Amino acid sequence: MLETRRAQADDAPAVTAIATAAYSGYLARMPEGVRPAPLDADYAAAIAHDETWVAELDGRVVGYLVLVAAPDHLLLENVAVDPGAQGRGVGRELLDLAETRARDLGMPEVRLFTHATMVENQRLYERRGYVETGRRRDDEFDRVFYVKQLPGVVDDLLSRDAVRIWQAAWHVIRSRDAQLLDALRDALPEIRGATADVELGGGIRPNREALEHAFGKIEGFRAWACWCDDYPRLLQHDPSREESLGHVVILHRDVSGWPGEYRCECRVCGRRFDVEEGEHHALWWRWRVSRS
Ligand SMILES: [Zn+2]
């Protein structure tokens, strides 16, 4: 199974090894004395200071992604897949993740650059919707710059496209961007009108429910004491995901029995929750504010 998670300090050797394996092949075509920048990056520092993710295939780290947040965009600074794991969707997953994180952070676009000689990567980014914005020399590197504009959440909600609408609903549910939510509140009457008769589908948990939950958050979040007010209201807040996003700390985890149990602490307000993990066709989590 392919999974992504935030990199930990002890992932640095694996990440470095992937960079070496993935980028050494370009040495031959670089100008004399120039090495691909990812070969000399300090991955321990990237894990400590930037937003670094790893992709695991059946529990083995096979790819990584380094993201750097700028005020008006998310920079995809470095990405690679172990050559032995290429063709298994790892790169696509990591590029999807960059876009998801940009949206989670309220960024309108993802930017990246690559070396002019790495033409395979340029084609790959172009197929993914990246547009070249320029070429220039940075120090000894001849670089090609790309940008991918992400459609806004408002546009998605007005699109009448079921997939875009439910993805946008989940974006709203996970968002902690008050500015975005205020903008959505202003557009809410129009959004309600545009989504009212779109068949959203979904199985045991209709996607319409997620959309209604998103609307409730847009209308009500200003009255919340903390972002964690939402946890007890929805069964789809996964403690592990919330922890990987830096929203909670899992103080205790026991998934050996059934139901699984977690104790989590909100990193914003310090409130503690007891979380029960159950399964009914899909995992769910029932959050309750801890009494002790
Ligand atoms: Zn909180």
Note to self: For the list (1) more than 21 Å from G152 (Cα to Cα); (2) modelled with pLDDT of 95 or more; (3) among the small types (G, A, S); (4) touching a helix residue (DSSP H, G or I) at 6+ places or on another chain (Cβ under 9 Å), I need the number of the one condition that G270 fails.
What the structure shows: (4)
Check: For the range 57-67, does any single residue satisfy the condition of being of a type outside the set (A, V, I, L, M), in contact with a Lys or Arg (Cβ under 9 Å, 6 or more places away or on another chain) and without any contact (Cβ under 8 Å) to a residue 40 or more places away in the chain?
Finding: no
Next item on the list: Please report, ordered by residue number, the strands (runs of 3 or more DSSP E) entirely within the range 61-168 with at least 1 residues that are at pLDDT 90 or above, buried (at least 19 other Cβ atoms within 10 Å of the Cβ) and of a type in the set (S, T, Y).
Entry: 109-115, 141-149
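Yes or no: P232 farther than 29 Å from E51 by Cα and either out of contact with any Asp or Glu (no Cβ under 8 Å at 6 or more places or on another chain) or buried (at least 17 other Cβ atoms within 10 Å of the Cβ) (or both)?
When the stated conditions are applied, P232 does not pass them.
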Margin query: Residues that are under 22 Å from D138 (Cα atoms), in contact (Cβ under 8 Å) with a residue 12 or more places away in the chain and either surrounded by 16 or more Cβ atoms within 10 Å (Cβ to Cβ) or not charged (D, E, K, R) (or both): does the range 2-11 have at least one?
Written below: no
Notebook entry, point to check: Inside the range 253-278, can you point out the residues that are of a type outside the set (G, A, S), farther than 15 Å from S240 by Cα and near the ligand (Cβ under 9 Å from one of its atoms)?
Noted result: V268, C269, R271
Next item on the list: Please work out if A210 is of a type in the set (A, V, I, L, M, F, W, C) and either assigned by TED's automatic domain parsing to the domain that holds Y262 or within 16 Å of the ligand (Cβ to nearest atom) (or both).
Entry: no
Next item on the list: Kindly provide the set of residues from the range 241-286 that are farther than 21 Å from D104 by Cα and touching a residue at least 60 places away in the same chain (Cβ under 8 Å), ordered by number.
Entry: H280, H281, A282
Item checked: the range 21-48, residues that are without any contact (Cβ under 8 Å) to a residue 60 or more places away in the chain, under 11 Å from H115 (Cβ atoms) and of a type in the set (F, W, Y) -> Y23
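The values are calculated or read from the model by the stated rules, or taken from the named source; none is laboratory data. Values in this document were obtained by computation on a predicted structure and should not be read as measured data. Using ideal geometry, Cβ is built from the backbone for each residue, glycine included, and neighbour counts are taken over all protein chains shown.
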